[in-house]
Protein chains: 2
Amino acid sequence: MQSSKQFTIEAGKGLALSVKKGQFVRVINTYGTQVVDTWAFSEEDTESLLSMEHCREVLQRIIFEPGDQLITNRYQPILKFTEDTSPGGHDTLIAACSQEMYIHAGRKEYHANCRDNLINAVKPFGIKIGITPSPWNLFMLAPIRESGLIDYVRPTSKPGDYVEVCAEMDCIMAFSACPDEIYPTNGGDGTPVDAHVILLNKNSVK
Amino acid sequence: MQSSKQFTIEAGKGLALSVKKGQFVRVINTYGTQVVDTWAFSEEDTESLLSMEHCREVLQRIIFEPGDQLITNRYQPILKFTEDTSPGGHDTLIAACSQEMYIHAGRKEYHANCRDNLINAVKPFGIKIGITPSPWNLFMLAPIRESGLIDYVRPTSKPGDYVEVCAEMDCIMAFSACPDEIYPTNGGDGTPVDAHVILLNKNSVK
């Protein structure tokens, strides 16, 4: 029997969850247009975390695929990428947005951003964020063209498409429904929307 | 008139230097086979540092080229990439090697590594390293093939080839003559060698 619990990542906001080894997490692109920046920290040692640059090294790919074992900066398996109903291509190259990005883009006022969403979401778990770890940008497409140019394009996910991972260690996962309305990657229409997360026990005792 | 000072990055070891705004730094691949992991931290705020994921975002390329302005995680210019006599292609995708990498590769004993070299080199400057920032892997080639595979190949630099940058702010630059003998990226013959750094004042008062 399965048991599950659903959480909302509110539009432009963050969420963090404690995920136990063996639990599955589905990140749902409820409306199809929303990028979800995703992080995972070992519960035991929060300086051990899902690392894009270590996954790229070991997997020898910039894009991760179902079946891939995703590792920490200590080369420990932290998430198994189990399923993807979206067209895939989830970006691993680009920084989380931050207040400084919006200032760089010409904004004068405070703008909600994935860095602050991460900081606030993981604070109750005792995790302090210094330099922002590179996020796994679910549903974000930043393909490299033949010329070498990184292109920023709208997500091609359908409403309800999801990415599923299984925790390979007890961890804190954090998500940000990216508030960016500047790059086209997040739908490009200026409206961040809700996304959802389902925490799933697939093999709970009958 | 120019004034200059030369430093040795000993084979498999690290080096850090204080570099003032306007000074030029040449990283020399003295024997042509040596990868040099490179970092730069703002002297004023050492949590502001050269960031691969922010440079890729703004430059829209995974490979940086002469003329590029390289930025920090706060979107501030920190280095201008002024010259490259090597064939280029300096990797921005792959993590610095660490003790955990060598354990993952089957080693049992302590192995010199770029992470520890960074930690030790910047300690005298009051910089503490938690999660290792992604290095700019000078002279390291990790091209992405058409299949999407990241390939690891030997450096194609000639002895004496160099990369030159100009500091756009006062900063601490750190270097590691990578001790890796597992991947072919570092020459692949199991012998890390010395590299050199020249700190250059091009427009000093005559």
Most fluctuating residue given options B:VAL36, B:VAL27, B:VAL58, as computed from a GNM of chain B linking Cα atoms under 10 Å:
B:VAL58
For a Förster distance of 45 Å, can you work out the FRET efficiency between the beta-carbons of A:PHE7 and B:GLN2, rounded to the nearest 0.05?
0.15
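Calculated from DSSP H runs of 4 or more alone, at -39500 (n - 2.57) each and per residue, what is the 222 nm mean residue ellipticity of chain B, nearest 500?
Numbers: 3 runs with 23 residues, N = 206.
Estimated from H runs of four or more residues: -3000 deg cm²/dmol.
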Any idea what the A:GLY130 label distances to the other copies are, label 7 Å down the Cα→Cβ vector, nm, shortest first?
0.6
Each label sits 7 Å from Cα toward the beta-carbon; between A:LYS20 and A:ALA105 the label points are separated, in nm, by 4.0
Links that overshoot a 19 Å alpha carbon limit, given the list A:LYS13/A:LYS123; A:LYS20/B:LYS128; A:LYS13/B:LYS128; A:LYS20/A:LYS80; A:LYS5/A:LYS202
A:LYS20/B:LYS128; A:LYS13/B:LYS128
B:GLN69 versus A:ARG145: modelled label distance in nm, points set 7 Å from Cα along the beta carbon direction
2.3
Most exposed first, judged by fewest Cβ atoms within 10 angstrom, B:ASP68, A:ASP37 run B:ASP68, A:ASP37
Taking neighbour counts of Cβ atoms within 10 Å as a proxy for exposure, in what order, fewest first, do A:LYS80, B:LYS13 appear?
A:LYS80, B:LYS13
Inter-copy label distances at B:LYS21, 7 Å along the Cα→beta-carbon direction, one decimal in nm, shortest first?
5.1
Whole-number D in µm²/s for the protein assembly as shown (Stokes-Einstein; Kirkwood sum over Cα pairs; 37 °C, 0.692 mPa s):
150
Springs between alpha-carbon pairs under 10 angstrom, Gaussian network model over chain A: which of A:LYS108, A:LYS20, A:LYS128 fluctuates most?
A:LYS108
Give me D for the stretch A:4-200 in µm² s⁻¹, whole number, from Stokes-Einstein with Rh from the Kirkwood sum over alpha-carbon pairs, 25 °C and 0.890 mPa s.
149
Tell me the distances, shortest first, between A:GLU83 and the same position across the other copies, using label points 7 Å along Cα→Cβ, in nm to one decimal.
5.8
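With a Förster radius of 35 Å, plug the Cβ-Cβ distance of B:VAL153 and B:LYS80 into 1/(1 + (r/R0)^6) and report the FRET value to the nearest 0.05.
Values: r = 28 Å, r/R0 = 0.79.
Efficiency at R0 = 35 Å is approximately 0.80.
Laboratory data are not the source of any read-out in this text; all were calculated from the coordinates shown. None of the values given here were measured: they were computed from a predicted structure. All Cβ positions, glycine included, derive from the backbone under ideal geometry; neighbour counts span all protein chains shown.
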